[in-house]
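Take a look at the structure set out below.
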Amino acid sequence: MNKLNIIGVLVLLLGTLSACNDFLDRDSLVGLSEGGFWKSEQDAIMGVNAVYEVNREFTNSIVIYGMMDDFTDISYQSFATGLTTGAFPANAAFYSASWGMFYKGIYRANTVLKNVPGIAMNEAVKNRIIGEAHFLRGYYYFKLWDYFGGVPIYDKPMNVDEAYKPRATNGEVYAFIVNDMTEAYALLEGSYSGSDAGRATKWAALAMRGKAHLWAKEYEKAAADFRELMEKSDRVLLDDYHTLFRVAGNNNSEVIFDVQYVAEKGYGIATDRNYGNAMGATSGSQRTRPTPELVNAYEMADGTPFDFSNFTNADGDPFNPDNPADWNDEASVRALFANRDPRLQQAIVVPWSTFVGRGGAEYLYRFPVVTTDPTSYVPVWTNGSYAWRKFVETGSVYTLQDNMPQNFPLIRLADVILMYAEAQNEALGAPDQSVYDAVNAVRNRAGMPDLPTGLSKGQMQERIRHERMVELCGEGQRYSDIRRWGIAKDVVDGVWMTEFTGVQIRQRGFPDHYYLWPIPQSEKDVNPNLDQNPGWE
Amino acid sequence: MYRQLLFALSVFAMVGNAWSASSKTKVPFSPGALWAQGSAQQPVKGVVKDERGQVLGGVEVRNLRTSEVVVSDSDGSFVIVANPDDQLQFRSIGYGLVVRAAGEAKEVQLTVEESVLEEVVIVGYGSQKRQNLTGSVASVNFNEATTSRPTTNLSSALVGLSPGLNIAQTSATPGGEGFNILVRGQGTMNDASPLVVIDGVPGALNDVNPSDVANVSVLKDASSAAIYGSRAANGVILVTTKRGSRDSKYKFSYNGYAGSQSAANTIDYITDMATHMELVNESEGREKYATDLIEQWRTESAAGNPLYPNTDWYGEMLNNSLLTEHNVSVSGGGQNSNMALSLGYLNNKGIIDNSDYKRYIFRLNADAKVADFLRVGGNVFGNWSDRDLIDASSFFSTIRNTTPGVIPQYEDGRYGGEMFPGLPAGSNPMAYIDNIRGNAERQRLGLKFFGIVNILKSLEWETSFGFNYNNNRNWQYVRPYSLWNLQTDFKYPQTPSINSLFNSSRRDYSTVFNSLLRYTETFGGAHNVGVLVGFDQQYNRMDMFDAKKNDILGDDAIYILDAGANMEAINGSGTDDALQSFFGRITYDYKQKYLIEANARYDGSSRFAKENRWGFFPSFSAGWRLSEEAFAQPLKTVFDDIKVRGSWGRLGNNRIGDYTYQIVYGSYLYPFGGQLQQGVGPTEIANSNIKWETTTISNVGLDLVLLKNRLTVSAEYYDKTTTDILTKIPIPLVMGNFLPPWQNIAAMRNNGLEFQVGYQGRAGNDFTYFVGGNLSTVHNKVLEFNGDQSISGATITQEGNPFNSFYMLEFDHIIQDQSEIDQLLADGYTFGTYVGGVPSPGDMLYKDANGDKVFNDADRVVKDYSSLPKLNYGLTLSAAYKGFDLNVVGQGIGGVRQYWGNDGFNTFNINEGFLQRAEILNRWTPENKSTEYPRLRTSGSALNTAYSDYWLYNTAYFRIKSIQLGYALPSATTSKFKVDRLRIYANLENFFTFTKFDGYNPENASVAYPLMKQWILGLNITF
């Protein structure tokens, strides 16, 4: 071997290996760099899609939106959380996660509103996208306003040093939401077809504007918005109440705005697990359960109130719901649930009703619970609990436990009609015919008779509140309703969660400061300009 | 096939004595001498060792009467023909001369004379004599006792052996052990683990079989580490593996052990179900469990009714298990080439079912001198391992979520659940473990090729190419199971609802190319100059892919995805990074009296934007060997060497993720009309201005060698300041709930002292011993934090305090009477929601630290401690007497606290369905007014659960890591079996820990795979 040859070869090798110039330029292997985005119509569409995604993330990771009702008197959760017992501190992750997620939606909407106007693209599509961004931003601000009160307002994607604003007032946030919804109403279309189903419509914007007015107690403005929607939109009540809450009811004629889902991991909703039960295709855990208070609130089919004292037990004595023995007699228990508001059986599984579970098989809810009979319905909570039928897919064929393709309604026409009735009733000295017509429309759809005539304003208010409770149960509306009506402490605080047999489970708490959520402790730690809500100091 | 072959080899090694005939020791002798003597001459056999009882090869043994010379073998043995009265002289470089009568030469000990100073220390891209070192380098030589311990990985083997190196074991998952390794404290708020370089190629400590290791060097100061530039800020650990020695006969050696292991520490839980129920009733304030039910349970379980269990879950689920390891190696070399080959097998069954780990590991290091001016060589190494996939945290959460009233498995095979109608099924750890199957398979291969050309006598050029390849394939099959209320034959719904299969695969590779020139020359017999310049280029790449399906065909651990019907998820990801560098070193000394050294590296990294891509990292150091001065000669009677040294330099840290300077948009899909559609939004706020973190280290040291090389003392002071620390200070969530962007805004200082002492002594001819100790202190302080603070749970980071100092309420006392509360309220005190509102007797009262008469989060105070120890120390002890040797390694930390509370394992706020710590039996009750423990509350309560120093524990500890007692059979005996050396030993590992902390492991207060203690018996054979 020759020394010079060897050295020559090695020098050549060294030269080859170190010759690459761009060796140190490495772009992310998984992401898209910002510089290349916001160039085309496709980019604009994908950009606004991500704003919707936050709504799905909120509904999936905080608590299914409908389970907000677990913090009220109509449903409850099987294990204690501070929200049900009134013991949550200001640093509970529940509050900070919710706060952060709504602001994430707002940030993304602001990114769209900043970048999309400059993109050369079809004007109609551009207007729609800008309208969607206004709607979603306003929607997220509405949620923040509802839960936290006045919050800081950011209307563009800000730098970190601009993110330390103090809270805006209630009135400022209200005005901002109204403004966003007005913009959205002007830009958005009335309906979409096919693969655009689920996008915000002008009716969704109008409904949200009306809602903002209602929350602000601007009753005339609210009634006007709801009336316009009822008169002009293509939305109509669906005949079958139960179908509203099944996969088959996705994109029905009544829905105004919802969260859309498909049966794919990460993109479905966990209703089957949380509302569902052992008989469902994926064996739900019945984390949320309707309370006896709710079940007892359903009227008789003729519109009279339900009362246990009108019923007897096996011995012929008046039925005592707090006596477990009375519940052991099939005939007298069946009688309790016959001839009731049809929505009771369509929303809730009660003893001696049937449930079409996995594989299309029909199961009978025997009580006391029988576990040995394969045709018997077995709730997860065997002591004496009602179970949701609402949002639990009947005869389910879907096997991804947390990923049902069931769209979750956020605004539907029945809700708007009842809000109209409420706003109109509040605005007048006594209810006019339009108030009766509205409430009766919702009742008649379910098969219930008209309200009696001649109700005072106060009596009508009670009727509307009752109607909202049973019509919208399990949809999360009541948690906001009882707080804006100021009755939350009365109906929740100190009340025991019980089985229908009267067995006490846990005592609820709703201290005075629970009407608003606290500004999250972690956010206050970072931004001292934020004042805390009363009672959370 | 491959695995079977390896296994066969290791089994063969165990019974391998039969092999030894072919490699029988030849007796070297001088031919003329044998015949000239009378019949009194006998072959005298013996063995040569050093003071630590380690065998010494290459020692010249001369019969002073006959002038015959033999050389001891690498196992220290020699055979020489001599009369019993003949004087034998033993000589070896670096050791003192010993003359001994042949009749007393069975075992001869040589004492180090010059070795401390002549010892060669591995440094970055080269080596230096210890006497010439001016930087701070701790060197750990691996000997027979070190490599025979049941440490199973290199990180554990290094614990306690080096000053300034703190290794905390955070998890003992077999094959997935977790360690937190820090050199001189936590130098940054980011990944502060040191760079690990194995034979010149970056790697991971635990990829090296400890028994292949010759030496580990820890580069601690800027002078020694600057040559690694942008990756060296947190220290560098250099691992050098064994190579065959040239001109030595090939040796076959085996070392292996087998033994038993169990949890090093356990905690007592209440295992009596009746008591458990009473405590739940007490916490809930009502009869959750009826009194007659509790009495029934008590009666029936006392009568032995299996349907009323009192299950001790820890006893049930944590096993004693087998640990065994076998290593065989062949090494040696001829005139022009040499090699070392090793094969290893490890089987660690762990102490939790389904957490087995098996590893097959190999290494081949070979060198050849192919021409006078050219040497080439290569390393080939790798391993194949299989690990069962038990996730310790899920496992422990199933233990937490069960009660003593659950039957693990009934006699008919059914799994038990809670036995109370209307309550949840609870969890059953045994059912959980039995129904998860899986395997993590890992294949790793490393290659390194190098060539060294001697261009001139004093100039050599070394070029090398290294390649690391890592392939991981995991599968996990989860099978649904049902729990039963066995009292009522009620079957709970099965969980999960459907079976599922997860597959993942991940591939990593990295390439390293480097080329360097070394020049050394002496001018005028006094001026020694050394120059090194080099170029280095590296690329790392990772790709991963995983998928999950459910509704799997069959039920018996099918692990291929095609067996599944429904797709649940598919994910894929990848990252890469690149580094290019130029570096150099100049050393100069005058008569080895005045020493000067300069190092520098110029690094370019793909992790930073073009404008900030290149960084320069210089260092300077100097040393003065006082003992070489003429005026110091009188000191020579005591001091063999006195050296003072100092260094200063700058290092960088680039460990901040691969693409953090780029604003990246990610995918957020949303379904419209039943079809998933692409959504795109920003995933992280970026900061394109980020640059290196810069660490500046100043170091002064004093090295002493005294008492005829028997005592070495080394002391140093260091000051390590890191500026431009990249950190993510919390930003308001209104920013869109992003993770905060990286910013170069913080600065932090670590300073401290390090001491190392070693003493080699002897008593009589046969007893020798070595005592060594090291101690280091770290004082950490955040210098800059943007004037801000970051609070995370129970810790805070802010200027003027140590990083992640504890920040919490201060516990005052347990309230004993209502009158005290009434008085507080009357005095105008209020209780905020943070502390859970107004307390009752038995609850904790915190200090109103800010004096505002409100008990709330504003009363949190910064404590003087963090979870990083202020003090680390290690102790080694070895002794040898005739064939016996004893080796002890101890290690400890001090000045440290950890937060352990309210994680469900350690709390007084209990609910049904959770295990309860035995300590709560001492709780406050109206009858037993404890001043130490609060009353019971439910977990929904914020009372007694706020972050407070009640839950802050002193986690200082001293642990005897290892005690090893060995006995080597006399070579006279073993040679009959053609064996050069046969040593048997017993080892206790992690057996004795002294600490006040009563949690699982003071190294990691949170729940992880428990640290295990082992006792083993082992064998070393060489022939």
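Magnitude of the charge dipole for the stretch B:704-769, about its Cα centre and with charges confined to Cβ atoms of Lys, Arg (+1) and Asp, Glu (-1), is about 120 debye.
Secondary-structure-derived ellipticity at 222 nm for chain A, considering helices only, amounts to -13000 deg cm²/dmol, per-run term -39500 (n - 2.57) for DSSP H runs with n ≥ 4.
Spatial offset of the stretch B:170-215 relative to the stretch B:605-661 amounts to 22 Å, using the alpha carbon center of each.
Dividing the convex hull volume of the alpha-carbon atoms in the stretch A:389-484 by its residue count gives 108 Å³ per residue.
Determine, from the Cβ-Cβ distance of B:A303 and B:D268 and an R0 of 22 Å, the FRET efficiency 1/(1 + (r/R0)^6), rounded to the nearest 0.05. Efficiency, from the Cβ-Cβ distance: 0.30. Per-residue extension of 0.36 nm, minus the Cα-Cα distance of B:L553 and B:K636, leaves a gain of 21.7 nm for this segment. Long hydrophobic helices in chain B, taken as whole DSSP H segments with a C-alpha length of 18 Å or more on their own axis and mean Kyte-Doolittle hydropathy at least -1.0: B:2-14. On the basis of the beta-carbon distance and an R0 of 35 Å, B:Q409 and B:T931 show a calculated FRET efficiency of 0.25. In this rough spin-label picture, where each label sits 7 Å from Cα along the Cβ direction, the B:D788-A:Y164 distance is 0.9 nm. When the label point is put 7 Å from the Cα of B:I586 along its Cα-to-beta-carbon vector, which residues of the stretch B:209-244 have a backbone N closer than 18 Å? Counting only backbone N, you get B:223-224, B:226-227.
Distance between the modelled labels on B:N454 and B:M544, one decimal in nanometres: 4.9 nm (7 Å Cα→Cβ projection). A Förster distance of 41 Å, applied to the separation of the beta-carbon atoms of B:S394 and A:D155, puts the FRET efficiency at 0.40. For A:S75, the residues whose modelled amide H falls within less than 5 Å of its own, excluding neighbours fewer than 5 places apart on the same chain, are A:T291.
Peptide A:262-273 has a mean shielding of 3, counted as Cβ atoms of other protein chains within 10 Å of each residue's Cβ. Over the stretch B:857-942, the pair-distance histogram of Cα-Cα distances with 5 Å bins from zero comes to 3, 10, 12, 11, 12, 12, 11, 8, 7, 5, 4, 3, 1, 0 percent, rounded to whole numbers. For the stretch A:424-472 versus the stretch A:217-233, the inter-centroid distance based on Cα atoms is 16 Å.
Equivalent-ellipsoid semi-axes for the stretch A:442-537 (Cα gyration tensor, √(5λ), whole Å, largest first): 34, 19, 13.
Using only Cα positions of the stretch B:651-738, each an equal point scatterer, no hydration layer, compute I(q)/I(0) via Debye at q = 0.15, 0.24 Å⁻¹ and quote the log10 values to two decimals. Taken in order of the listed q values, log10 I(q)/I(0) reads -0.81, -1.18. In the stretch A:428-472, the ratio of gyration radius to Kirkwood radius, Rg to Rh, stands at 0.94 when only Cα atoms are counted. Positive end of the dipole of the protein assembly as shown (Cβ unit charges, origin at the Cα centre): among B:V861, B:N872, B:W648, the Cα lying farthest that way belongs to B:W648. For the protein assembly as shown, taking the reciprocal of the average inverse distance between every pair of different Cα atoms yields a Kirkwood hydrodynamic radius of 37.5 Å.
Mean separation of Cα pairs under 8 Å and 6+ residues apart, divided by the residue count of chain B: what relative contact order is that in percent? Computed over chain B, the figure is 12 percent. Each residue of the stretch B:887-902 was assigned a 3J(HN,Hα) from its phi angle through the Karplus curve 6.51 cos²θ - 1.76 cosθ + 1.60 (θ = phi - 60°); the sequence is 10, 10, 10, x, 8, x, 9, x, x, 9, 9, 9, 8, 9, x, 6 Hz, with glycine and proline shown as x.
The equivalent ellipsoid of chain B has semi-axes of 54, 36, 31 Å, largest first, where each one is the square root of 5 times an eigenvalue of the Cα gyration tensor. Distance between the 7 Å Cα→Cβ label points at B:K996 and A:K232: 7.5 nm.
For the protein assembly as shown, the residue among B:V59, B:Y668, B:S497 whose Cα projects farthest onto the positive side of the dipole built from Cβ charges is B:V59. P(r) for the stretch B:317-453, from all Cα pairs and a bin width of 5 Å, is 2, 8, 13, 12, 11, 9, 8, 7, 6, 6, 5, 4, 3, 2, 2, 1, 0, 0 %, short bins first.
Packing-based ranking of A:44-52, A:468-476 yields A:44-52, A:468-476, ordered from highest to lowest mean Cβ neighbour count within 10 Å. Note on the stretch B:795-863: percent of Cα-Cα distances in each 10 Å bin, starting at 0 and stopping at the bin with the largest distance, equals 21, 47, 22, 10, 0. Computed extension length for B:V531-B:Q675: 45.2 nm, one decimal, from 0.36 nm per residue of separation with the Cα-Cα distance subtracted. Taking every alpha-carbon pair within the stretch A:328-487, the share separated by more than 19 Å comes to 64 percent. Each pair of Cα atoms in chain A enters the Kirkwood radius, and Stokes-Einstein at 20 °C and 1.002 mPa s then converts it into a translational diffusion coefficient of 84 µm²/s.
Read-outs: derived from the displayed coordinates by stated rules, not from any lab. No experiment lies behind these values; they were computed from the predicted model shown. Cβ coordinates were reconstructed from backbone atoms using ideal geometry, including for glycine residues, and neighbour counts include every protein chain displayed.
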